[in-house]
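J.: Okay, here's the structure, questions in a sec.
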Amino acid sequence: MGRQTQFHMLAEDCREFLEFVQRRDPVIVIDWSSKSEEIEEAQRPWERGNTYCLWNQALLPTLQRRLIRVEPARASYFEIDNSLPVIEFSYPAPVQEPWNGRPALTQGRVWARFDNPTKEFTSWYNALVRWIRKNFVGDATLLHSHVGPAAYDWYKNGGLLLPHLRPPVARQWLSWVEAQDQHRSVFSK
């Protein structure tokens, strides 16, 4: 069983969030998966989208990746075991890629597995979620997502907030975008 909090953030929002995370606890941000077993800190993760691991060394002093074997035609890789007391931080690319000719930002999340959590791990996860809820705008769209301050300003100026997986340009999603535009127009009055 896992828990998640979804968000939309631009690079500035991501940097502020990670600065909080690392001020609060001895956390190292690493790539969730890699071609290498080595654990290396991600440099300036707010500049590139990826799925990261937030590794709190106070809760887990050592961390290793596990080998994932895939079919022979593809190379194997290493990833973090999600049953460990770590938090997955999925941060889509901070670049607003067009969707149907309009700049769009996809949704990210913090996620953790809670099969047998410790009190300390639960407290740490909840502290990160509280920070997001306190510092981000709550559910600016119908995506049940918190929106970072920079992303929210961008949204108010016409940017689209999309779900984690970019939807196809179809009638249902076009009407959803129209509803988002109507919601945005309330702020411009």
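J.: Would you calculate a helix-derived [θ] at 222 nm for the chain, using -39,500 (n - 2.57) for each DSSP H run of n ≥ 4 and dividing by the full residue count, to the nearest 500?
T.: Details: 4 runs with 57 residues, N = 189.
One gets -10000 deg cm²/dmol as the mean residue ellipticity at 222 nm.
J.: Continuing with this model, one more query. For region 1-105, what does the relative contact order come out to in percent, with C-alpha contacts under 8 Å and a separation of six or more?
T.: Over region 1-105, the number comes to 28 percent.
J.: Let me know the shape class of region 11-99, please: from the alpha-carbon gyration tensor, a ≥ b ≥ c as square roots of the eigenvalues, rounded when a/c is under 1.5, otherwise prolate if a/b is greater than b/c, or oblate.
T.: Oblate, because a/c is 1.5 or more while a/b does not exceed b/c.
J.: If you don't mind, there's one more thing I want to ask. Identify, among VAL29, GLN4, ALA42, the residue whose Cα sits farthest towards the positive end of the charge dipole of the chain, taking +1 on the Cβ of Lys and Arg and -1 on the Cβ of Asp and Glu, with the dipole about the Cα centre.
T.: Of the listed residues, the answer is GLN4.
J.: Roughly how many whole Å is it from the C-alpha centroid of region 154-180 to that of region 91-134?
T.: Here the two parts' Cα centres lie 19 Å apart.
J.: Which of TRP154, TRP173, TRP99 moves the most in a Gaussian network model of the chain with Cα springs under 10 Å?
T.: TRP173
J.: Report the accessible area of ILE28, computed with a 1.4 Å probe over the heavy atoms of all protein chains in place, in Å² rounded to the nearest 10.
T.: 40 Å²
J.: Probe 1.4 Å, all protein chains in place: accessible area of HIS164 in Å², nearest 10?
T.: Result for HIS164: roughly 100 Å² accessible.
J.: Quick one: if you stick a label point 7 Å off each Cα along the C-beta vector at GLN57 and GLN172, how many nm between them?
T.: It is 4.7 nm.
J.: Please identify the GluC sites (Glu not before Pro) of region 1-89 that satisfy two criteria: DSSP loop assignment and at most 13 other Cβ atoms within 10 Å. Which are they?
T.: GLU37, GLU38, GLU40
J.: Could you give the length gained on full extension between HIS144 and ILE28, defined as 0.36 nm per residue of separation minus the Cα-Cα distance, in nm?
T.: My answer for the length gained is 39.0 nm.
J.: For a quick check, take a GNM of the chain with Cα springs below 10 Å and name the residue from PRO45, PRO85, PRO168 with the largest mean-square fluctuation.
T.: Fluctuation is largest for PRO168.
J.: Keeping the other protein chains in place, figure out the carbon and sulfur percent of the accessible area of the chain, with a 1.4 Å probe.
T.: The C+S portion of the solvent-accessible surface of the chain is 49 percent.
J.: With only Lys, Arg, Asp and Glu charged, each at its Cβ (+1 for the first two, -1 for the last two), find how big the charge dipole of region 1-99 is about the Cα centre; round to the nearest 20 debye.
T.: In total the dipole reaches around 220 debye.
J.: A further question on this structure: With a/c under 1.5 counting as rounded, go ahead and sort the chain into rounded, prolate or oblate using the C-alpha gyration tensor (a ≥ b ≥ c being the square roots of the eigenvalues; past the cut-off, prolate if a/b is larger than b/c, else oblate). Intermediate values should be presented prior to the final figure.
T.: On the way: a/c = 2.14, a/b = 1.53, b/c = 1.40.
Because a/c hits 1.5 or more and a/b exceeds b/c, the chain counts as prolate.
The values are calculated or read from the model by the stated rules, or taken from the named source; none is laboratory data. All of these numbers come straight from a predicted model, not from anything done at the bench. Here Cβ is always computed from backbone atoms with ideal geometry, including for glycine, and neighbour counts include all displayed protein chains. Calculation scope for accessible area: heavy atoms of the full protein, side chains included, ligands and nucleic acids excluded. Shrake-Rupley method; radii C 1.70, N 1.55, O 1.52, S 1.80 Å.
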